[in-house]
Amino acid sequence: MKNIVILSPFFYPELISTGKYNGILAKELSQNADSIDVICGHPMYPQWEVEPTNRQLEGITAIRGGKWLKFPKNVLLRRAVLEIWYCFYVLIKLLFSSKKYSHVVPVFPPSLFMLLVPLLNKKAKVIGIVHDLQGVYANRNAGVIKRGIFGLIKWVEKKAFKSCDKLIFLSEDMENVASSQYSLERNKNFIHYPFITIEQFFDEGNLAQIIPNDQKSLVYSGALGEKQAPEELARMMEAVIAKDNSVRAYIFSQGPEFENLKKQFNRIEFHPLVDERDLPELLLRSTIQVLPQAEGTSDGSLPSKLPNLLASGCKIFCITDQGSELVRLLNDYSKAIVNHKWDIDSLANECLQLLNLNTNEGADSKLLSKFYISSLVDRIIK
């Protein structure tokens, strides 16, 4: 029997990032398995405030905990609370579970719980999915204390990865860096890009009052954290508006960084994350979607929203490290401009160039073929 358990604190009905990814993955896996369990928390991301829920996906059992959790504002402390709580929660649930799992699918990060899981499920196949390399961000932190903390993070991450029978990375760059830094057996590693999560793109007019028809719109939508360089992103958006007042700039997000930006920048229009059913319309109404990455972080992750942006056919303005995998992918997309430095004036000029660029309609089918979910299910189950 194929009894599968997905291990991640993030799960449906969270609207973005890993929570949404895990929900879609669980639904796809359920078509090829006898049972699917997900040991997870209640929705908490990106606000980092727990929102208790009893909602379930049909055919999938979400085993939720942490209703009482409170997360501090400090990023490192917040991550520590998540890691430690989830480690103990997984330990308790697996230790007292009557079900024998044939496949264990941990989704990283967090990683600490994987120091215990192999001891509890010795016969199960462990297939890890790597969304971010937390160790990569250690290179951007100065100071003895922070270096020590991130050194511990890298040690835990290495142990977690080595405990898996198979690892699936969301990008080639992540696989290369992890294999090099952690001495992984590369014959156990596979690459599968994030998958398209929107089946059809349609405009119901629900967002027309926010982004009017034919409006030149510069949009960032999604989570905001250190790796998105939020303050540089906002400064660049305001620089574009200063050069062309016919442009309106929007940030759709939630969470601590989002609230901080709202206090500092008054020429940008801030809105909470749109409902899932309105996401296709948001992409269709976006003249440009911005993909920002802090310098030196591109090896750590590939934006999970990239496939939907490509499928929508919107223009993409990307700031990322030179030579990164994101650059190589966007080089095959005719509606993208990529820059490598956070030079605000230069970025604003290039962004305006893209705003006024005439492009062909439609998506690149050859490029999109790299972002389908079916082969990922095969990697896990077969």
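The values are calculated or read from the model by the stated rules, or taken from the named source; none is laboratory data. Quantities reported herein were computed from a predicted structural model and do not represent experimental measurements. In this analysis, Cβ positions are derived from the backbone assuming ideal geometry, glycine residues included, and neighbour counts consider all displayed protein chains. SASA here: full protein model, heavy atoms, side chains in, ligands and nucleic acids out. Shrake-Rupley method; radii C 1.70, N 1.55, O 1.52, S 1.80 Å.
Numbers for the structure displayed
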| read-out | value |
| --- | --- |
| Förster radius 22 Å - calculated FRET efficiency between ARG277 and LYS99, Cβ distance, rounded to 0.05 | 0.05 |
| Over the chain: helical MRE at 222 nm, DSSP H runs n ≥ 4 each giving -39500 (n - 2.57), nearest 500 | -10500 deg cm²/dmol |
| Per residue accessible area of region 1-44, 1.4 Å probe, in Å² | 28 |
| Amide proton proximity set for TYR250, modelled H, under 5 Å, gap of 5+ | LEU218, VAL219, TYR220, GLU269 |
| Cα-based helix-to-principal-axis angle, 230-243 vs the chain, degrees rounded to 10 | 20 |
| Region 204-297, accessible area per residue, ligands and nucleic acids excluded (1.4 Å, Å²) | 42 |
| Restraint check, LYS100/LYS166; LYS162/LYS305; LYS93/LYS188; LYS67/LYS154; LYS73/LYS227, Cα-Cα greater than 24 Å | LYS162/LYS305; LYS93/LYS188; LYS67/LYS154 |
| Net lengthening on full extension, LEU116/LEU152 (0.36 nm per residue, minus Cα-Cα) | 11.3 nm |
| In order through region 213-223: 3J(HN,Hα) via Karplus (6.51 cos²θ - 1.76 cosθ + 1.60), integer Hz, x for Gly, Pro | 4, 6, 7, 6, 10, 9, 10, 10, 9, x, 5 |
| Angle in degrees between helix 172-182 and the longest Cα principal axis of the chain, rounded to the nearest 10 | 50 |
| Acute angle (nearest 10 degrees) that the helix 144-162 long axis makes with the longest principal axis of the chain, alpha-carbon atoms | 60 |
| Pair-distance profile P(r), taking every C-alpha pair of the chain, with 20 angstrom steps and integer % | 28, 59, 13, 0 |
| Computed FRET value (nearest 0.05) for ASN245 with PHE202, which takes r as the C-beta separation and R₀ as 30 Å | 0.45 |
| Protection proxy ranking of 212-220, 108-116, 259-267, 7-15 - average other beta-carbon atoms within 10 Å, highest first | 7-15, 108-116, 212-220, 259-267 |
| Straight-distance crosslink candidates among aspartates and glutamates, where the alpha carbon sits under 19 Å from LYS2 and sequence neighbours closer than 8 are dropped | GLU28, ASP34, ASP37, GLU58, ASP165, ASP378 |
| Per-selection Kirkwood Rh - region 233-280 (Cα, Å, 1 d.p.) | 11.6 |
| Extension gain from ARG379 to ARG328, taking 0.36 nm per residue of separation minus the Cα-Cα distance | 15.9 nm |
| Relative pair counts by distance (%), Cα atoms of region 208-356, 10 Å bins | 11, 45, 39, 5 |
| Hz values of 3J(HN,Hα) by residue in region 337-344 - Karplus curve (6.51, -1.76, 1.60), Gly and Pro given as x | 10, 10, 10, 10, 10, 8, 8, 4 |
| Sulfur and carbon atoms: percent of accessible area, the chain [1.4 Å] | 48 |
